[in-house]
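Remarks on the structure that follows.
The values are calculated or read from the model by the stated rules, or taken from the named source; none is laboratory data. This structure is a prediction, so every number in the text was calculated from the model and none was measured. A quick note on method: Cβ atoms are made from the backbone with ideal geometry, for glycine too, and the neighbour counts reach across all protein chains shown. Protein only, heavy atoms only, side chains kept; ligands, DNA and RNA dropped before computing areas. Shrake-Rupley method; radii C 1.70, N 1.55, O 1.52, S 1.80 Å.
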Amino acid sequence: MSENTHSSTISSGRIWKRVVLWTALFLCLMPLACYYWLMLYANNNGPAGSEDQVVVEIPKGTSVQGIGKILGEAGVIRDDMRFMLLARLRGVATKLRAGEFQLPIGKNPSEILELLVTAKPYHYSITIPEGLRGEDIGAIFSAEGWCDQYVFLELIEDPELIAELGFAGVSSLEGYLYPDTYFLTREKRGAKSIIVMLVNRFKEVWGEVVSDMKDSIPDQRETVILASIVEKETGDATERPLIASVFLNRLEKGMKLQSDPTVVYGSGNFNGPITKSDLKSSNPYNTYVIPALPAGPIASPGRAAIEAVLHPAEVEYLYFVSKNDGTHYFSKNLREHINAVNKYQRKNREKDSK
């Protein structure tokens, strides 16, 4: 072998060693560089926004990459392929939940991933006031996009659903759609789901108000019917036990309840003041005609109205008339009642004529 050939061989060997060395160094540093690149993203706060929090909806079946895109569009994080890599590195890629979540703006991807694993679905609050009819309750949920109003009305009169909920034999769930503030997630959409929620809440409240009456459980339907009338007759909480007592006293004596709200309910699409013709209308809800409770509840009573019927005031009143200030004047006999009617109705007429 010549001297030149030997030198060339040594030089090639040195070059090869350098290539191997630099390649090995590159392969060693590459994972560290990638990890640094990933951690730089993981701990870098998301874009600043005008809102502190935002509600984000993640549909079922959305991939990790899709979740990252949704979060990026919402301004929660910066949309970057590293979100998927980070989720897999942290072992949470299969634990990210679907649903609607309220997430903060300005947090880093690591913090957002932790929140998505443990976050509870976002809840919307809807308040149903006392004394509403089923159609009005359905209209509230419909207006907020939770159900179809017409399907709601059909279902509260559906015999199968009524029986399923434990009220077989009644024609409607009117009165059992409990008024309260409810917190719903988007998974709660649908008329049936909402009706079941309202009725179950009624059952819960009923169980609470009769829990101390084990020796003499009252008739549930009769109680709800009368409570619905009490609910419609006064908005003054202090009067409910008095109103309930009046009606119970009248029932005991075989007197007609003569409750105007039952006339309105029995008339269907009522519009305007009650007329003499309305008072004489023959239907199973008109308590100016029938000497008993109406055929069913006329609205959904709240806890206070139900408790007023179960624990009425111990008074002998048989009549009451509006004092035109939200309260009523109560009387024990017809003569006193007529005098009160003349007094307060005259004031009302004089006020209207001015």
*Quick one: what pairs do we get from region 179-201, first residue among the hydrophobic types (A, V, I, L, M, F, W, C), second assigned to a helix (DSSP H, G or I), C-beta under 6 Å, 6+ apart or different chains?*
191/151; 191/152; 191/155; 194/141; 195/155
*Being in contact (Cβ under 8 Å) with a residue 60 or more places away in the chain and touching a Phe, Trp or Tyr at 6+ places or on another chain (Cβ under 8 Å) is the filter; apply it to region 88-112 and report the residue that is surrounded by the most Cβ atoms within 10 Å (Cβ to Cβ).*
109
*What tally of residues in region 41-78 results from selecting those that are at pLDDT below 80, part of a loop (DSSP other than H, G, I, E, B) and either open to solvent by 40 Å² or more (accessible area, probe 1.4 Å) or among the hydroxyl-bearing types (Ser, Thr, Tyr) (or both)?*
7
*From the residues in region 179-210 that are open to solvent by 60 Å² or more (accessible area, probe 1.4 Å) and assigned to a helix (DSSP H, G or I), which one is nearest to residue 56 (Cα to Cα)?*
187
*Among the residues of region 219-238, write down those that are open to solvent by less than 30 Å² (accessible area, probe 1.4 Å) and either modelled with pLDDT under 95 or over 15 Å from residue 287 (Cα atoms) (or both).*
223, 224, 231, 234
*List every residue pair whose Cβ atoms lie under 6 Å apart, where the two residues are 6 or more positions apart in sequence or sit on different chains, the first residue falls within region 208-236 and is closer than 18 Å to residue 166 by Cβ, and the second residue, located anywhere, is surrounded by 11 or more Cβ atoms within 10 Å (Cβ to Cβ) and among the acidic types (Asp, Glu).*
209/307
*Given the conditions (1) at pLDDT 85 or above; (2) open to solvent by 50 Å² or more (accessible area, probe 1.4 Å), report the number of the one that residue 85 does not fulfil.*
(1)
*Report yes if residue 95 is on the phi < 0 side of the Ramachandran plot, under 23 Å from the mean Cα position of the chain (by Cα) and basic (Lys, Arg), otherwise no.*
no
*Is it the case that some residue within region 255-267 is at pLDDT 95 or above, over 30 Å from residue 316 (Cα atoms) and open to solvent by 40 Å² or more (accessible area, probe 1.4 Å)?*
no
*free of Cβ contacts under 8 Å to residues at least 60 places away in the same chain and open to solvent by 20 Å² or more (accessible area, probe 1.4 Å), is that true of residue 161?*
no
*asked:* Residue pairs, Cβ under 6 Å, 6 or more apart or interchain, first in region 326-344 and open to solvent by 80 Å² or more (accessible area, probe 1.4 Å), second among the aromatic types (Phe, Trp, Tyr) and modelled with pLDDT of 90 or more. List them.
replied: 332/317
*Any residue at all in region 239-254 that is over 19 Å from residue 299 (Cβ atoms), at pLDDT 90 or above, open to solvent by 10 Å² or more (accessible area, probe 1.4 Å) and in contact with a Pro (Cβ under 7 Å, 6 or more places away or on another chain)?*
yes
*Would you tally the residues in region 113-153 being surrounded by fewer than 17 Cβ atoms within 10 Å (Cβ to Cβ), part of a loop (DSSP other than H, G, I, E, B) and among the acidic types (Asp, Glu)?*
2
